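**Q** Sharing a structure with you now.
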Amino acid sequence: MLLRKVLVIAGALSLSLMGCSDRLASPAANDTERLLLAERVLALKARVGETGRITLEQRRELDDITRDIANWQARTGRSDLSVSKPQRPSTVTTSALVTKAPTESCSACPAVKSNGGYICFLDWQGPCGAPGDIIQRVCTYACIYLGPVPIKR
């Protein structure tokens, strides 16, 4: 009877630890996973940069990466790798680049750009006016912060 109770308690304890195994992962394992996520971001940046546009397949890959980063953050409690959620403006004039020139045309938003620890992928691009109009181009980006940890290229 006592042996049965001990086995039940040991089983319950091992099941509860299995449910928390991701929280018990070593810092080295978390760093390795972070590095792999960052490498996926850099690889996507390179592919988008080659073509100058983001394809539907690459957009899905970006969605997968952002979901995996959110899961990694939830497991580790860390924020040195994070994703910003793009918010499209409610009106075209919000955050717009406005110019007035008779011959200027509105240029396309870059498909990918980086600055410091951020890599940003084009999420949405607003319309342009005709030459001579007030030209407005709004670009929104989903940005991934890779943080201060050096990334192996």
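**Q** Could you say which residue among A130, A108, A70 is more than 17 Å from the chain's Cα centre (by Cα), at pLDDT 75 or above and either over 23 Å from N30 (Cα atoms) or hydrophobic (A, V, I, L, M, F, W, C) (or both)?
**A** Answer to the check: A108.
**Q** Against the definition (in a strand (DSSP E or B), hydroxyl-bearing (S, T, Y) and either within 19 Å of I54 (Cβ to Cβ) or modelled with pLDDT under 85 (or both)), how does T99 come out, yes or no?
**A** Taking the combined requirement at face value, the residue satisfies it.
**Q** If you take the residues of region 80-96 that are modelled with pLDDT of 50 or more and of a type in the set (S, T, N, Q), which of them is surrounded by the most Cβ atoms within 10 Å (Cβ to Cβ)?
**A** My answer is S82.
**Q** Do we find that G77 is modelled with pLDDT of 70 or more and either surrounded by 15 or more Cβ atoms within 10 Å (Cβ to Cβ) or of a type in the set (D, E, K, R) (or both) in this structure?
**A** In short, no.
**Q** Can you confirm whether region 22-33 contains a residue that is under 22 Å from G147 (Cα atoms), modelled with pLDDT of 95 or more, in contact with a helix residue (DSSP H, G or I) (Cβ under 8 Å, 6 or more places away or on another chain) and part of a helix (DSSP H, G or I)?
**A** yes
**Q** Now a separate question. As an exercise: evaluate G52 against (1) more than 16 Å from V112 (Cβ to Cβ); (2) loosely packed, with under 15 Cβ neighbours inside 10 Å and give the number of the one condition it does not meet.
**A** All conditions pass for G52, except number (1).
**Q** So the check is Cβ under 6 Å with 6+ separation or different chains; which pairs have a first residue in region 102-113 that's crowded, with 17+ Cβ neighbours inside 10 Å and a second one that's in a loop (DSSP other than H, G, I, E, B) and modelled with pLDDT of 70 or more?
**A** That search, which allows pairs on different chains as well, returns C106/C128; A111/G52; A111/R53; A111/I54.
The values are calculated or read from the model by the stated rules, or taken from the named source; none is laboratory data. Since we're looking at a predicted model, the values are computed, not measured. Here the Cβ is made from the backbone with ideal geometry for all residues, glycine too, and neighbour counts use every protein chain on show.
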